[in-house]
Structures are given as structure tokens and as C-alpha cells.
Amino acid sequence: GRPGGAIHGLLGGSAGAADGRAGVALPAEYSVPARVVAGGDGLRGGDWRLDVLAPPAGGGGGTAANDRSLVIVARAPGLTVLIPSDAEGPVLLRRPLPPAAVLVVSHHGSDDPRLGEVLRQVRPAQAVISAGADNRHGHPAATTLAALAHAGIRVRRTDREGDVRITAATLRPP
């Protein structure tokens, strides 16, 4: 697969509408209708349920684009994944976070001083960092990698592995 971006490209990162709802930007080749969502919305597809935690309906969430990022909990039989897009600890910790076997690390693994608090709530067995190889921002940050290592979490990185595939069979419960 192509290093970096498989998850972020589908979820749209920090895209946000003027009313604070998140827009999911899909490339035309996917031929999938787009839907604007906000915290409290849910979507189903096959065995998957996507619960939208943020941004809040009607605006809010912060003034910076990353503070209005789409935050999703994706659930399938035997697997829960927290996908926070570019929302980091200060935004994520405004609400209780569910335990999840997999955490997609916020903002390509950039430095997040509150990541340890997020990890204590979510208790992931694995973390995925979606970052391009040799990106100009130096993602993932050494502090992020250290926090994940300190918590004993297995880290998968798109900058080193390309596309990452995780199945319920490869995980222990959170």
C-alpha cells in the first residue's frame, strides 16, 4: 500500500462546516454519497457502527480547525477503534472516552501533552499512527512514541509499514 494517509484521507481530518458539523471529504472515485455529521450521530454499514463523538452539533468545539475535527468510535464484532482525526487530548478529554482496542493516534502522532490521559481512558492494545514517510513535520513526535511505549501499547506506523491492517483476531480485549 501507499505510505501514509489511508485513514486520514477517508475521514477528512479537520474538515468542518460553518455550523460546526464535520464534512467527510471523499475522492470522486469512491462514488459514495457524503453525509454531514455531528456528535451524537451514528451510521451503520454491514457489521460496523460508527458513533460520532465530535464536533458538537450547532458549532462549538473550539476556534482552531483541529478542535472541530471529526471524532468517531468505530465498532464491529470483537473490535472497537477510536478515530480522533486531528483532535488531540485537550479536545478529546472534554467527554468520557470509551475503551477501544485500537487508537488511531491524533494528528499524525504530533506532540500531545495530554496523550497519557487519553491512553489511560481508552486503554488500547494497539495504536496506529498515520503519517507520510519523511514528512516535513517530523511526525510522529518522539514524545508521542515515548508515551505509547511507556503505556506498553503496540504501535503500527504507516510511514514505515504502508497500509496497516488490524483484525479482531490479532487483538486482546481492551
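Of note:
- Remark: relative contact order (segment 88-174) = 33 percent; criterion is Cα-Cα distance under 8 angstrom and separation of 6 or more residues.
- When all protein chains stay in place and ligands, DNA and RNA are ignored, the 1.4 Å accessible-area order of I129, I166, largest first, is I166, I129.
- Residue-count net charge about E88 - beta-carbon cut-off 12 Å; Lys, Arg +1, Asp, Glu -1: -3
- Overall form of segment 103-174 per C-alpha gyration tensor (a/c, 1.5; a/b vs b/c): oblate
The values are calculated or read from the model by the stated rules, or taken from the named source; none is laboratory data. Computed from a predicted model, the values in this text were never measured in an experiment. All Cβ positions, even for glycine, are placed from backbone atoms using ideal geometry, and neighbour counts span all protein chains on display. The protein model used for the area step is the full one, side chains on, heavy atoms only, and it has no ligands, DNA or RNA in it. Shrake-Rupley method; radii C 1.70, N 1.55, O 1.52, S 1.80 Å.
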